[in-house]
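The structure under discussion appears below in the form of structure tokens.
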Amino acid sequence: MGIEIFGMGILPPAGTYGQIFAGNYTADTVRDNAGNKAAEIDLRVTSIVPRFVWVTEQKVLGGDLGFHALLPLNDMRLNIKNGGPHDHKRGIGDMHLGPVVGFHLSDKLHIATGVDFVLPTGSYDEDDIINLGNNYYTVQGVFALTHMDPNGFNADMRLMYDYNFENKDTNYTSGQELHLDYTLGWGLGNGWVVGVGGHAYTQISDDKCSYSNCASAAAVDATGGNRGRTLSIGPAFQYASKDGWLFSAKWQEETGVRNRAEGQTYWFKFTTPL
């Protein structure tokens, strides 16, 4: 959540591009359905995410057709405090890939839309308290919008809708999700943009188990479908060089959390033509 920073809705000119995202998430609390503290934890997730972007010469409905793929590399540590279990995992997570179509409505206003497919490439064990992968497929619709002004107001949003399929090991299906990455900033005219950014997330349908004696059914019912919710905000900045590469970063603190861990994240993003 909140991995994207400035320029979310801009598909670059035809060519190939490389990106590296690096981030760290820490949390010390799990919140229940009412927002109360359900558990004290020590959760740390460090991620390095290489991403490849290819923008073709092909046009679709007047927009530029592109493709992307990314594969997270994660180091995850979780300790349930007050005598609870602990675990540590390191390895690849779930791959994201898909097509995107970009439209340049003006020199300042840009739109990108597409479909991402999340593949269960990360390891999973239903008996472990953390896992590198979700062990299910997700289809994610994406719509992104960017207003970019090197000498003025900048705004970005990336809206995503996730349809999750069943985890075959547990017969458990996570609910459908709606989430938004955003930034607001001001261009200083020298390649720098400074502002704020974060994410908003809400689960819009209940988690479900596909058989009557599912071990998680009672917990799902007790939490009103185990619907998650969170919001974050924090400082963000970006520098665009005259040589075509970009570097951006942001830090975000979560609030209003329901049925999820509550913590803070920082993300760095580097983009360069290949």
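The values are calculated or read from the model by the stated rules, or taken from the named source; none is laboratory data. These numbers were taken from a predicted model, which means no experiment stands behind them. Cβ sites come from the backbone with ideal geometry, for glycine too, and all protein chains shown count toward neighbours. Note: accessible area is taken over every heavy atom of the protein model, side chains too, but ligands, DNA and RNA are not part of it. Shrake-Rupley method; radii C 1.70, N 1.55, O 1.52, S 1.80 Å.
Comparison of D87, D128, D162 shows that the only residue that is closer than 24 Å to G9 by Cα and not aromatic (F, W, Y) is D162. Filtered by the rule that a residue be of a type outside the set (A, V, I, L, M, F, W, C) and open to solvent by 70 Å² or more (accessible area, probe 1.4 Å), the range 86-96 gives H86, H88, R90. Mind checking whether some residue in the range 97-113 is buried (at least 16 other Cβ atoms within 10 Å of the Cβ), out of contact with any Cys (no Cβ under 9 Å at 6 or more places or on another chain), within 24 Å of A39 (Cα to Cα) and not aliphatic (A, V, I, L, M)? Looking for residues that are buried (at least 16 other Cβ atoms within 10 Å of the Cβ), out of contact with any Cys (no Cβ under 9 Å at 6 or more places or on another chain), within 24 Å of A39 (Cα to Cα) and not aliphatic (A, V, I, L, M), one finds none in the range 97-113, hence no. Selection within the range 243-274: residues that are assigned to a loop (DSSP other than H, G, I, E, B) and within 23 Å of F52 (Cβ to Cβ). The member of this set that is least open to solvent (accessible area, probe 1.4 Å) is G244. With the condition kept exactly as written, say whether any residue in the range 41-63 is assigned to a loop (DSSP other than H, G, I, E, B) and not β-branched (V, I, T). Within the range 41-63, one or more residues are assigned to a loop (DSSP other than H, G, I, E, B) and not β-branched (V, I, T). Which residue pairs have Cβ atoms closer than 6 Å, lie 6 or more positions apart in sequence or on different chains, and pair a first residue in the range 135-158 that is more than 24 Å from I233 (Cβ to Cβ) with a second residue that is among the acidic types (D, E)? From the range 135-158, the pairs are N135/D169; T138/D162. Just one of the listed residues (I3, I20, I10) is in a loop (DSSP other than H, G, I, E, B), modelled with pLDDT of 95 or more and closer than 30 Å to P273 by Cα, and it is I10.
Scanning the range 115-161 for residues that are of a type outside the set (S, T, N, Q), open to solvent by less than 30 Å² (accessible area, probe 1.4 Å) and closer than 30 Å to I80 by Cα returns V118, G122, I130, L132, G133.
Checked against the criterion of being of a type in the set (K, R), at pLDDT 95 or above, closer than 26 Å to K250 by Cα and open to solvent by less than 60 Å² (accessible area, probe 1.4 Å), the range 34-46 has no qualifying residue. Filtered by the rule that a residue be part of a strand (DSSP E or B) and polar (S, T, N, Q), the range 23-40 gives N24, T26, T29. When the criteria are applied in full, P85 fails the requirement of being within 18 Å of I5 (Cα to Cα), touching a residue at least 12 places away in the same chain (Cβ under 8 Å) and more than 21 Å from the chain's Cα centre (by Cα). Just give me the residues in the range 237-253 being without any contact (Cβ under 8 Å) to a residue 60 or more places away in the chain and under 20 Å from the mean Cα position of the chain (by Cα), in sequence order. F237, F247, W251, E253, listed by residue number.
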